[in-house]
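Inspection log for the structure reproduced underneath, given as structure tokens.
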Amino acid sequence: MTQDERYMREALKQARKAYALGEVPIGCVIVYQDKIIGRGYNRRNTDKNTLAHAEITAINRASKKMGDWRLEECTLYVTLEPCQMCAGAIVQARITEVVMGSMNPKAGCGGSILNILEMPEFNHQVQVKRGVLAEECTQMLTIFFKELRVRNKLEKEATKERAFSEQIPEKKKEESVEMKGKMEYNKT
Ligand SMILES: [Zn+2]
């Protein structure tokens, strides 16, 4: 196993924590001098916070540990290509290298839609490696979305059933009014 694979496995461990919470499984670690100085996983729904992406959490932790907003000579490992917010934060933090697992053609800003990490116009460019343990990273996401579709379908069916069963008492009420009317009619 290469060093990149070893740390990507650590990022996958973080992604599993997100998965356990029912969050899109994305994980991240930041490494400095062969030591992990920050970890993070996606908690966007749990925290109800747009900023709760794996990379932002890992950057926050790493900065705290380093006592500096600059994360020079650090390598960030992330299981999925960063979005525009995280790619921006990576450039802002002056992170030296980013190693990513799967690409994200619908939202990725590390080469898919934009390449914020390597824009020559910015004052900092990141070295980028793509496709490290891509199969494992993609598989985790594929399984998650497959399960989510099943869950959504079951929930939809359950909602329909609830709506149906709530209609029954209404019907019974109507019937009882009808019965009462009949009884009163019989009295006269
Ligand atoms: Zn992000």
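Nothing in this text is a laboratory measurement; each read-out follows from the coordinates by a stated rule. Since we're looking at a predicted model, the values are computed, not measured. A quick note on method: Cβ atoms are made from the backbone with ideal geometry, for glycine too, and the neighbour counts reach across all protein chains shown.
Compute the Cα gyration tensor for the chain, then decide on rounded, prolate or oblate, letting a ≥ b ≥ c be the square roots of its eigenvalues: rounded whenever a/c is under 1.5, prolate when a/b is larger than b/c in the other cases, and oblate in all that remain.
prolate
Give me the distance in nm between label points sitting 7 Å out from Cα along the Cα-to-Cβ direction at Ile143 and Arg70, one decimal.
The two pseudo-label positions are separated by 4.2 nm.
Looking at the chain, identify the longest residue range that excludes and avoids all chymotrypsin sites (Phe, Trp or Tyr not before Pro) in DSSP loops having at most 14 other Cβ atoms within 10 Å.
Between exposed loop sites, the widest span is 1-68.
Tell me whether the stretch 1-74 comes out rounded, prolate or oblate; compute the Cα gyration tensor, take square roots of the eigenvalues as a ≥ b ≥ c, and use a/c under 1.5 as the rounded threshold.
Because a/c hits 1.5 or more and a/b fails to exceed b/c, the stretch 1-74 counts as oblate.
Which of rounded, prolate, oblate describes the stretch 15-58, given a ≥ b ≥ c as roots of the alpha-carbon gyration tensor eigenvalues and a/c under 1.5 marking rounded, otherwise prolate only if a/b is larger than b/c?
Because a/c hits 1.5 or more and a/b fails to exceed b/c, the stretch 15-58 counts as oblate.
For the stretch 65-123, state which GluC sites (Glu not before Pro) are in a DSSP loop and have at most 11 other beta carbons lying within 10 Å of their beta carbon.
Listed in order of number, the matching sites are Glu121.
If you take every DSSP beta bridge whose two residues both sit in the chain, what share of them, in percent to the nearest 5, is antiparallel?
Antiparallel bridges: around 60 percent, rounded to the nearest 5.
Under 8 Å for C-alpha pairs, at least 6 residues apart: give me the relative contact order for the stretch 68-175, rounded to a whole percent.
About 22 percent, as a whole number.
In nm, what is the difference between 0.36 nm times the number of residues separating Asn60 and Met85 and their Cα-Cα distance?
7.6 nm
Counting only C-alpha contacts under 8 Å and six or more residues apart, can you give the relative contact order of the chain as a whole percent?
Once divided by the residue count of the chain, the mean separation gives 15 percent.
Under a Cβ-only charge scheme (Lys and Arg +1, Asp and Glu -1), can you give me the dipole magnitude of the stretch 30-120 about the Cα centre, in debye to the nearest 20?
440 debye
Write down the Å³ per residue value for the convex hull defined by the alpha carbon atoms of the stretch 83-123.
Convex hull of Cα atoms, per residue: 61 Å³.
Kindly count the pairs of lysines across the stretch 1-152 whose alpha carbons are less than 25 Å apart, treating pairs on different chains or eight or more residues apart as eligible.
23
For the residues Ser63, Ser112, what sequence is obtained by ranking on other C-beta atoms within 10 Å, fewest first?
In increasing order of surrounding Cβ atoms, one gets Ser112, Ser63.
Whole-Hz Karplus ³J(HN,Hα) for the stretch 93-100, in order, using 6.51 cos²θ - 1.76 cosθ + 1.60 and θ = phi - 60°, x for Gly and Pro?
Those phi angles translate into 7, 6, 5, 6, 9, 10, 10, 10 Hz.
Which one, Ala89, Met103, His53, projects farthest toward the positive side of the charge dipole computed for the chain from Cβ point charges (K/R +1, D/E -1)?
Farthest towards the positive end: His53.
Work out which trypsin sites (Lys or Arg not before Pro) in the chain are exposed loop sites (DSSP not H, G, I, E or B, at most 15 other Cβ within 10 Å) and give the longest gap free of them.
107-188
Placing unit charges on C-beta atoms (Lys and Arg positive, Asp and Glu negative, everything else neutral), compute the dipole magnitude of the chain about its Cα centre in debye, rounded to 20.
The calculation lands at about 720 debye.
Before rounding to the nearest 500, sum -39500 (n - 2.57) across all DSSP H runs of length at least 4 in the chain and divide by the residue total; then give [θ] at 222 nm in deg cm²/dmol.
Taking each H run of at least 4 residues, the total per residue is -18000 deg cm²/dmol.
Using only alpha carbon pairs under 8 Å that are at least six residues apart, calculate the relative contact order of the stretch 87-130 and give it in whole percent.
Reported as a whole number, the value is 47 percent.
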